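Engineer: The structure is given below, and queries will be raised subsequently.
None of the figures in this text is laboratory data; all of them are computed from the coordinates on show. Since the structure is predicted, the reported quantities are computational estimates derived from the model, not experimental observations. Backbone-built Cβ (ideal geometry, glycine too); neighbour counts: all protein chains shown.
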Amino acid sequence: MKQDFKIQGLSKLGEFLQQFLQNSEEEYSLEEAELFALMKKSEVENPWFTIENQRFCFKNWADILKIENIKNWLSEYQVSHFSKKVGLILAGNIPLVGFHDVMCVILSNHIPIIKLSSKDRLILPFLLNKWGEFSEWNLEYQFVEKLSDYEAVIATGSNNTARYLEYYFKDTLSIIRKNRTSVAVLKGNETDDEIKLLAEDIFRYFGLGCRNVTRLFIPKDFELSKLFENFIEFKDVVNHHKYANNYDYNRAIYLLNQEKFWDNNFVMLKEDDVLFSPLSVLNFSRYENIEDVKLFLNENETDIQCVVAKPELEISDSIYFGEAQNPNLNTYADNVDTMRFLEVI
């Protein structure tokens, strides 16, 4: 019974976000105006969280928080009969990146003890409050400055932070996430529309997410100009001062070091085997044999969040162009099934 109320409330939260996105500012209800005010405040506190990117994030949640989607997702799992406190250390690199973890804990019948990122501290409390109101049930959760009194932990941080977290929580059931990035593999016959979808995977959220593509594999004879021509829709990213600072800095370093790179005035392409690239830079390498690419992907799977490619390349677990920033309810960070973890704590 309680689970049904939670599911219905969550679907109503999706409907609320859908209505919010459809309305103009003049049409906002009091609650929608409150949400928009929080969005503007979030952008002031963290300039990476532009209104556009926050709205993009809301649209993703509005699209997937349908009652049938939620029920189908949860049908694969058992709800715990005994509620336990689960500490959550949330990241703040892109808007609401920790919402999925919070949702998993609540729907598993556990209690999330939430340490928000200072970079993303405003929207999640609002949405959880609305979820509770729509559920007509008292959702149990806590916001804390420091975790204590927990029985399991899910934490996300940089590689350096993760080493500390692994030591600190070594005696606790835990999921500790590290830095990851995403890659794309081109066959060479991609259409302009497919490359434009790839641009979404690269530039959405300014490239700050672990699902953003930072490394390309392209055929030996692929023309780089085809990329630049179809990236042009994202040319305005360089008008964002923080992105522009990264672009200017990295470009200056490459020029000073006399390194070879290709530039279209808002992103640089650099032929480099390194998986992670600096912000405003896209690393690429050319291949002759797709099996060599697959070998690289297997050898570096612990650093790769997702692989973007056409199905005909037959790359295991790859997703299609434009889907990187549209994960489903059953898409789990680092390919670790959070719901399954919560079943057994």
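Engineer: Packing-wise, with mean Cβ within 10 Å as the measure, how do 254-263, 332-341 rank, highest first?
Structural biologist: In decreasing order of mean packing, 254-263, 332-341 become 332-341, 254-263.
Engineer: Counting only Cα atoms, I'd like the Rg/Rh figure for region 1-133, Kirkwood definition for Rh.
Structural biologist: 0.97
Engineer: Here is a further query. Taking amide hydrogens as modeled 1.01 Å from N in the peptide plane, which residues meet the under 5 Å criterion relative to S117, leaving out close sequence neighbours?
Structural biologist: Amide H to amide H, under 5 Å and 5 or more residues apart or across chains, S117 pairs with L90.
Engineer: Hey, what's the Kirkwood Rh for region 68-128 if you take every pair of different alpha carbons, in angstrom?
Structural biologist: 12.5 Å
Engineer: If amide H atoms are built 1.01 Å from N in the plane of the peptide, which residues on other chains or at least 5 residues away come under 5 Å of the amide H of I319?
Structural biologist: Under 5 Å from the amide H of I319 lie the amide H atoms of V307, V308, A309, each far enough along the sequence or on another chain.
Engineer: Rounded, prolate or oblate: which fits region 177-286 when a ≥ b ≥ c are the square roots of the eigenvalues of the alpha-carbon gyration tensor, with rounded for a/c under 1.5 and prolate only if a/b beats b/c?
Structural biologist: rounded
Engineer: Shifting gears a bit: At a 10 angstrom cut-off on C-beta neighbours, averaged per residue, how do the peptides 199-207, 265-273 rank from highest to lowest?
Structural biologist: Highest to lowest by the protection proxy: 199-207, 265-273.
Engineer: Quick one: net charge of K115's neighbours, Cβ under 15 Å, K/R +1, D/E -1?
Structural biologist: Net local charge, K115 excluded: +1.
Engineer: Further question: In the chain, what is the volume of the convex hull around the alpha carbon atoms, normalised per residue and reported in Å³?
Structural biologist: It is 152 Å³ per residue.
Engineer: A further question on this structure: May I ask for the net charge around K130, where only other residues with Cβ less than 14 Å from the Cβ of K130 are counted and Lys, Arg are +1 while Asp, Glu are -1?
Structural biologist: So the surrounding residues net to -4.
Engineer: While we're here: Please compute P(r) over all alpha-carbon pairs of region 33-96, binned at 10 Å starting from zero, and give each bin as a whole-number percent.
Structural biologist: 17, 31, 33, 19, 1
Engineer: To the nearest 20 debye, what charge dipole does the chain have about its Cα centre, counting +1 at the Cβ of each Lys and Arg and -1 at the Cβ of each Asp and Glu?
Structural biologist: Approximately 940 debye in magnitude.
Engineer: Another question, if that's okay. Using alpha carbons only, how many degrees (0 to 90, rounded to 10) separate the axis of helix 123-135 from the longest principal axis of the chain?
Structural biologist: Compared with the principal axis, the helix lies near 40 degrees.
Engineer: When the helix-only estimate is applied to the chain (DSSP H runs of n ≥ 4, each -39,500 (n - 2.57), divided by the residue count), what is the mean residue ellipticity at 222 nm, nearest 500 deg cm²/dmol?
Structural biologist: Only helices count here, giving -13000 deg cm²/dmol.
Engineer: Roughly what % of DSSP beta bridges within the chain run antiparallel, to the nearest 5?
Structural biologist: 5 percent
Engineer: Over the residues of region 125-212, compute the C-alpha Rg and express it relative to 2.2 N^0.38 Å.
Structural biologist: Taking the Cα Rg and dividing by 2.2 N^0.38 Å, one obtains 1.62.
Engineer: Okay, next question. Which value in Å is the Kirkwood Rh of region 255-319 over different Cα pairs?
Structural biologist: Its Kirkwood hydrodynamic radius stands at 13.6 Å.
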